[in-house]
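Notes for the one structure printed next.
Read the figures in this text as sums done on the coordinates, not as results from a lab. Bear in mind that the values here come from a model prediction, so they are computed numbers and not experimental data. Please note: Cβ atoms are built from the backbone with ideal geometry, for glycine as well, and neighbour counts cover all protein chains shown.
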Amino acid sequence: MPLPMPEERKRSTSRHSLQIDRREKVNVSGMIDVISFDEESVIGETEMGIIIIRGANLHVSKISLDSGELAVTGEIDSITYENPGGSAKAKSILGKLFK
């Protein structure tokens, strides 16, 4: 008889996906929450961890946490994921040096 999986493990086998269109639009599925957003960054929690979208003139054009969908438009410079259990606000020493 298999052991039940912890809640975090169940979420990691989900339907998270990321689609980038010409670095002008990003569609993310599997969103759980949007932590913060402004014209330079969008930080959210996905079923696979914290995602950080950075760029210029960013706008959240669609958000539906019920269906887990997020769409961001603007000049996309980078998309990164934080390690599980990490904080999107925390930066490594190297990250602080090269900012």
Residues other than Arg23 with Cβ under 13 Å of its Cβ, Lys/Arg counted +1 and Asp/Glu -1, net out at -1
If every Lys and Arg gets +1 and every Asp and Glu gets -1 at its Cβ, then about the Cα centre region 33-84 yields a dipole, in debye to the nearest 20, of 80
FRET efficiency (Asp66, Lys25; Cβ distance; R0 25 Å; to 0.05) is 0.75
